[in-house]
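A.B. asks: For reference, the structure I am asking about is given below.
The values are calculated or read from the model by the stated rules, or taken from the named source; none is laboratory data. Nothing here was measured: the structure is a model prediction, and the numbers come from that model. Positions of Cβ are generated from backbone atoms using ideal geometry, with glycine treated the same way; all protein chains shown enter the neighbour counts. The area values use the complete protein model at the heavy-atom level, side chains included, leaving out ligands, DNA and RNA. Shrake-Rupley method; radii C 1.70, N 1.55, O 1.52, S 1.80 Å.
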Amino acid sequence: MKTRPLLWTAACLLLASCHAGMATSGPAEETSGPVPAARRAAAPDLAGDSLDGEPLRLSAYRGKVVVLNAWASWCGPCRAEAPELNAAQKHLAAQGVQVLGLNTDNDAGNGRSFQQDHHLSYPSFSDPSGRKVLTFPKGSVPQGVPFTVVIDTRGRMAGVHSGPVTEQQLRDLVRPLVRS
């Protein structure tokens with residue numbers, strides 16, 4: 001079968017494109033991981049509608065540690081990390097952590113379906129134009145999805161994670177920022 005290698009190659013290219021630009025060197029990779037308090041830049045105050053059509057604003061969560069995860073419904077690694085983010089929301093909420101999503105699908109309907117299919121327990125911004133991602137300081141976040149930004153209680157970017165994230169990786173990123 002000659003089509004099988006072609007299908008395999010196409011599938012690999014699709015998965016690799018989900019976080020294209022994140023595994024290479026550059027500004028986003030240099031900031032991947034925790035950011036020392038003295039070097040933290042203010043996160044943009046994202047505002048808009050959630051996938052459910054409810055108003056959503058990042059600054060409304062000031063005083064909490066926010067885990068902001070950028071994703072798209074067509075991204076395989078985004079599907080793989082969805083249960084991990086749900087678990088993090090469930091287990092870290094009592095410590096003052098709030099998970100938020102940033103859906104980059106061109107069609108909000110695809111994002112809503114993904115949200116329902118994966119039983120996401122946290123709200124997600126709808127960003128079909130990609131404008132919200134562009135409000136982050138240049139080079140501070142990867143250019144592809146998935147990526148996760150941890151925002152401290154003062155609204156500053158305290159960490160960035162490129163690619164899919166696990167609950168344990170999130171715990172490690174938020175541990176120095178949460179109330180005991």
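A.B. asks: So K132 clears everything in (1) open to solvent by less than 50 Å² (accessible area, probe 1.4 Å); (2) within 15 Å of C78 (Cα to Cα) except one condition, right? Which one?
C.D. replies: Tallying (1) open to solvent by less than 50 Å² (accessible area, probe 1.4 Å); (2) within 15 Å of C78 (Cα to Cα), K132 fails exactly one: (2).
A.B. asks: Any residue in the stretch 114-123 that is out of contact with any helix residue (DSSP H, G or I) (no Cβ under 8 Å at 6 or more places or on another chain), open to solvent by 10 Å² or more (accessible area, probe 1.4 Å) and more than 22 Å from T166 (Cβ to Cβ)?
C.D. replies: Within the stretch 114-123, one or more residues are out of contact with any helix residue (DSSP H, G or I) (no Cβ under 8 Å at 6 or more places or on another chain), open to solvent by 10 Å² or more (accessible area, probe 1.4 Å) and more than 22 Å from T166 (Cβ to Cβ).
Residue-wise test of (1) buried (at least 19 other Cβ atoms within 10 Å of the Cβ); (2) at pLDDT 95 or above.
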position	(1), (2)
E30	no, no
R79	no, yes
H91	no, yes
L100	yes, yes
N103	yes, yes
N110	no, yes
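A.B. asks: Among the residues of the stretch 57-68, what is the count of those that are open to solvent by 10 Å² or more (accessible area, probe 1.4 Å) and either without any contact (Cβ under 8 Å) to a residue 24 or more places away in the chain or closer than 20 Å to K90 by Cα (or both)? Please lay out each step first, then the result.
C.D. replies: Step one: filter the stretch 57-68 for residues open to solvent by 10 Å² or more (accessible area, probe 1.4 Å), giving 57-64.
With either without any contact (Cβ under 8 Å) to a residue 24 or more places away in the chain or closer than 20 Å to K90 by Cα (or both) added as a condition, the list becomes 57-58, 60-64.
Residues that pass the stated criteria total 7.
A.B. asks: Using beta carbons and a limit of 8 Å, which pairs, at least six apart or on different chains, have the first residue in the stretch 119-139 and under 15 Å from G101 (Cα atoms) and among the β-branched types (V, I, T) and the second one open to solvent by less than 70 Å² (accessible area, probe 1.4 Å) and part of a strand (DSSP E or B)?
C.D. replies: Sorted first by the residue in the stretch 119-139, then by its partner, the pairs are V133/A70; V133/L102.
A.B. asks: Could you count how many residues in the stretch 75-98 are in contact (Cβ under 8 Å) with a residue 40 or more places away in the chain and either hydroxyl-bearing (S, T, Y) or not in a helix (DSSP H, G or I) (or both)? So that I can check it myself, show each step before the final result.
C.D. replies: First, the residues of the stretch 75-98 that are in contact (Cβ under 8 Å) with a residue 40 or more places away in the chain: 75-78, 80-81, 84-85, 87-88, 91-92, 95-97.
If we keep only those that are either hydroxyl-bearing (S, T, Y) or not in a helix (DSSP H, G or I) (or both) as well, we get 75, 96-97.
Going through the stretch 75-98 one residue at a time, the tally reaches 3.
A.B. asks: Quick one: T148 ticks every box in (1) farther than 15 Å from C75 by Cα; (2) outside any loop (DSSP other than H, G, I, E, B) bar one, so which box is it?
C.D. replies: T148 satisfies every listed condition except (1).
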